[in-house]
Amino acid sequence: MKKILIIGSTGQIGSELSVRVRSIYGDNNVVCGYYAPPFPEGFFEAGPAIKIDAQQIKQIADAVRKYDIDTIYNLAAILSATAEKNPKLGWDVGVGSLMNCLDVARDYKCGLFTPSSIGAFGPNTPKDNTPQDTIQRPTTVYGITKVLGELVSDYYFEHWQVNTRSVRFPGLISNVTLPGGGTTDYAVEIFYKAVKGEVFECPVKAGTFMDMMYMPDALDAMIHLMEANPEKLIHRNSFNVTAMSFDPEMLYAAIKKYYPNFKMVYNIDPLKQAIADSWPNKLDDSCARKEWGWQPHYDLDKMTADMISKLSGKLSSRA
Ligand code: SER
C-alpha cells in the first residue's frame, strides 16, 4: 500500500487530488501537507495533515520520516502571470521546492510527481500538434522553472534512480478551488460569471488557442502515471497531455447554450496575452497514450455541462 504525501494540498490541484487519492489508498495513507488556507470543510478530520513550507527541506524530510512516506506529489507552485510579476518568488517556489523534494525523494527512496506545463514551451516551439520532444525555449519565469524541473528530475532518475514522473498540464478547469495568477485562469472564471449572471471580461483575444483539461482527467493523469509500469516508460519528465484545445469564442459559445443571455466582452491583459501567444495551440499527447494509456474523458461540451451543473448547485447553496 502506498503512503502518500501531498505538498500543496489546499491548492487548485491538491484540494481535489487529496480527496481522490484518499478514496483509493485510504484516508490514513495520505498525508495532506498544507501551507496556506482555504481549508475545505472537514480538512483536519479527514486524515493526517501537516504544515509544510516546501522551501524548508527539513519540514519535508520530517513529514516523510514521521509518516513513512513512499510517494510525494509536489504541487507547490506560483502560476505564470504571478511569477512574471514576482520572478524571485516564482524561482524560489518553482525551483527551490522541487530541489528539496528531489533530495528528500532520493534520500528516503520515494517516488516523486511534479507537474510541468504547456508553459515549458516557447514562441519557437511548433504551435500545432506540438511534439513530445521538441524545442523548449520558454520566455517566462514559470516556463524556465518548468524546463529546469523536467531536466533535473530526469537527472535524479538517471543518476540516483529516483522514481520521478511528470506531465505537462494544460490549463486546468475545476469547480472546487480557484486557480490564481495563471494565464489559463480565464477558462475557469468565465463559468463563475456565467452562473452568477454577470458579464465576463476576457483577458485574452479571440483566436488565442490553448490546451485545457477538466480536473477529473488531470487527477486520473497523475494517478495513472504514478501507477504506470516503469518498464513501459520511455519518457519520464515530462509527458505532453491534453484533453481539448479552444479559444475564448468556442468556450463562450459552449456556455451560451446554457445561458443564452450571457455576455462576454474583451478586456485584454497584455501580460497574459503575451504569455498565451508564446505557448502552443495544441499538444500531441500520443507518447502518454502509448506509454501509460493516457485517455481523457471530458471534451469541451462534456466539461461545460458538468461545470455548470456543479457550479450552479454550489453557488445557489451559498446564496
Ligand atoms: N495554468 C497554468 C498557468 O496559466 C499553465 O500551466 O499559469
Query raised in the report: Inside segment 267-318, can you point out the residues that are loosely packed, with under 13 Cβ neighbours inside 10 Å and touching a strand residue (DSSP E or B) at 6+ places or on another chain (Cβ under 9 Å)?
Result: 267, 297
Query raised in the report: If you check every pair at least six apart or on different chains, which have Cβ atoms under 6 Å apart with a residue in segment 154-180 that is touching a residue at least 60 places away in the same chain (Cβ under 8 Å) and under 13 Å from residue 101 (Cβ atoms) first and a residue that is more than 11 Å from the ligand (Cβ to nearest atom) and of a type in the set (Phe, Trp, Tyr) second?
Result: 162/156; 164/156; 164/157; 165/113
Query raised in the report: For segment 52-77, how many residues meet the condition of being more than 22 Å from residue 223 (Cα to Cα) and either within 16 Å of the ligand (Cβ to nearest atom) or small (Gly, Ala, Ser) (or both)?
Result: 1
Requested in this report: Kindly indicate whether residue 93 is touching a residue at least 12 places away in the same chain (Cβ under 8 Å) and part of a helix (DSSP H, G or I).
Outcome: yes
Query raised in the report: Going by the conditions given, is residue 250 crowded, with 18+ Cβ neighbours inside 10 Å, farther than 17 Å from residue 315 by Cβ and touching a residue at least 40 places away in the same chain (Cβ under 8 Å)?
Result: no
Report task. Kindly indicate the residue of segment 175-190 that is of a type in the set (A, V, I, L, M) and open to solvent by 10 Å² or more (accessible area, probe 1.4 Å) and also nearest to the ligand (Cβ to nearest atom) among those meeting that condition. Result -> 178
Query raised in the report: Which numbered condition trips up residue 138, out of (1) crowded, with 19+ Cβ neighbours inside 10 Å; (2) under 30 Å from residue 305 (Cα atoms)?
Result: (2)
Query raised in the report: Within segment 55-98, can you find the residues that are of a type in the set (Asp, Glu) and buried (at least 17 other Cβ atoms within 10 Å of the Cβ)?
Result: 70, 84
Query raised in the report: Among the helices (runs of 4 or more DSSP H) confined wholly to segment 200-319, which include 2 or more residues that are under 23 Å from residue 4 (Cβ atoms) and within 21 Å of the chain's Cα centre (by Cα)?
Result: 215-227, 286-292
Requested in this report: Go through (1) of a type in the set (A, V, I, L, M); (2) buried (at least 23 other Cβ atoms within 10 Å of the Cβ); (3) assigned to a loop (DSSP other than H, G, I, E, B) one by one and return the number of the condition residue 172 breaks.
Outcome: (3)
Report task. Considering every residue within segment 101-108, establish whether at least one is touching a helix residue (DSSP H, G or I) at 6+ places or on another chain (Cβ under 7 Å) and within 16 Å of the ligand (Cβ to nearest atom). Result -> no
**Report entry** Selection status of residue 194, aliphatic (A, V, I, L, M), part of a helix (DSSP H, G or I), crowded, with 17+ Cβ neighbours inside 10 Å and within 11 Å of the ligand (Cβ to nearest atom)
**Finding:** no
Report summary line: For segment 1-21, the count of residues that are open to solvent by less than 20 Å² (accessible area, probe 1.4 Å) and assigned to a helix (DSSP H, G or I) equals 5
Query - Close pairs (7 angstrom Cβ cut-off, 6 or more residues apart or separate chains): part of a loop (DSSP other than H, G, I, E, B) in segment 103-127, open to solvent by 70 Å² or more (accessible area, probe 1.4 Å) anywhere - result: 122/137; 122/139; 123/139; 124/135; 124/137; 125/135
Requested in this report: Please enumerate the residues belonging to segment 35-68 that are among the acidic types (Asp, Glu), within 25 Å of residue 104 (Cα to Cα) and outside any helix (DSSP H, G or I).
Outcome: 53, 68
Query raised in the report: How about segment 221-247: which of its residues are among the charged types (D, E, K, R) and surrounded by fewer than 18 Cβ atoms within 10 Å (Cβ to Cβ)?
Result: 227, 231, 232, 247
Requested in this report: Could you look through segment 113-168, keep only residues that are within 13 Å of the ligand (Cβ to nearest atom), hydroxyl-bearing (Ser, Thr, Tyr) and touching an Asp or Glu at 6+ places or on another chain (Cβ under 7 Å), and pick out the one that is farthest from residue 285 (Cα to Cα)?
Outcome: 140
Requested in this report: Of the conditions (1) under 24 Å from residue 57 (Cα atoms); (2) in contact with a helix residue (DSSP H, G or I) (Cβ under 7 Å, 6 or more places away or on another chain); (3) acidic (Asp, Glu), residue 154 clears all except one; give me its number.
Outcome: (2)
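The values are calculated or read from the model by the stated rules, or taken from the named source; none is laboratory data. Since the model is a prediction, treat every value here as computed from it, not as a measurement. Glycine also receives a Cβ, built like all others from the backbone with ideal geometry; neighbour counts cover every protein chain displayed. The area values use the complete protein model at the heavy-atom level, side chains included, leaving out ligands, DNA and RNA. Shrake-Rupley method; radii C 1.70, N 1.55, O 1.52, S 1.80 Å.
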